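Notes for the one structure printed next.
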Amino acid sequence: MKYEKYDDVKVSSDRLEYGFISYGPKGAIQKIIHFDFIEEVGVYNLAFGNLKPDGSIDDLSVNDNQDRNKILATVVYSVSLFCKEYPHAWIYFSGSTAHRTRLYRMAIAVNLDELSADFEILGLVKDMEGFVHIPFRKGIDYFGFLIRRKNV
Amino acid sequence: MFNFVIMKEKDKELIEYAKTLGINLTIDPSLDKYSGKTIFPEKLAEAKKVLLNMKPLPK
């Protein structure tokens, strides 16, 4: 990734939770990355958001520490760490809003060459019967994304 | 005791791997309380809805 990242990351014992702190004009905001295993399809769902002082999670707020790219880079590195522990896992993610999904699409598109070296990347599109996964290509409006570590 | 030793070795391996990525990784058991819990219920429900209506993934 071309961007800076947050270097200090914490991980849970089972490697399914990752935490780091975003710093900026809005102060120190605790971030959490959470992997849920969806047994019915054998896929991990990736979600992340702000860890609030009361221990609850907020995945909709815009904290505006002006460090969006740094946060996304940190999430990508955390995915690499997750894949070290779960090397054959498929990981699904999408934005909590359509705008955020587009943001992720653009981030993948801009860094596609680098990401493709390490990950298989699929995009989900709707068809008549449900959803179809296709290899990620620039310029397509995807509903969500699936990635898996290559060369395991 | 043996499992404890294996876990510590795996922790070290991951921490060393993280260093190669430029990450200072700390194992933090306080994050364990979120594991196995549904902390993003809407996201998870939506993900299930999508993935259960998706053609199978390549093996």
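The values are calculated or read from the model by the stated rules, or taken from the named source; none is laboratory data. The structure displayed is predicted, hence computed values, not measured ones. All Cβ positions, even for glycine, are placed from backbone atoms using ideal geometry, and neighbour counts span all protein chains on display.
Being farther than 18 Å from A:Phe136 by Cβ and without any contact (Cβ under 8 Å) to a residue 60 or more places away in the chain is the filter here, so list the residues in the stretch A:68-83 that pass it. Correct list: A:Arg68 only.
Counting only residues that are assigned to a loop (DSSP other than H, G, I, E, B), of a type outside the set (S, T, N, Q), facing chain B (nearest Cβ under 9 Å) and crowded, with 16+ Cβ neighbours inside 10 Å, the stretch A:1-27 holds 4 of them.
Restricting attention to the stretch A:86-123, the residues that are surrounded by 15 or more Cβ atoms within 10 Å (Cβ to Cβ) and touching an Asp or Glu at 6+ places or on another chain (Cβ under 8 Å) add up to 3.
For (1) touching a Phe, Trp or Tyr at 6+ places or on another chain (Cβ under 6 Å); (2) free of Cβ contacts under 8 Å to residues at least 24 places away in the same chain, each residue gets a yes or a no:
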| site | (1), (2) |
| --- | --- |
| A:Lys10 | no, yes |
| A:Pro25 | no, no |
| A:Gly55 | no, yes |
| A:Ile91 | yes, no |
| A:Ser94 | no, no |
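Within the stretch A:124-145, the set of residues being part of a strand (DSSP E or B), among the hydrophobic types (A, V, I, L, M, F, W, C) and either crowded, with 21+ Cβ neighbours inside 10 Å or facing chain B (nearest Cβ under 8 Å) (or both) comprises A:Leu124, A:Phe131, A:Val132, A:Phe145.
Taking the stretch B:20-59 as the range and being at pLDDT 90 or above, over 23 Å from A:Leu122 (Cα atoms) and within 7 Å of chain A (Cβ to nearest Cβ) as the test, the residues that pass are B:Leu21, B:Gly22, B:Ile23, B:Asn24, B:Leu25, B:Thr26, B:Ile27, B:Asp28, B:Pro29, B:Leu31, B:Asp32.
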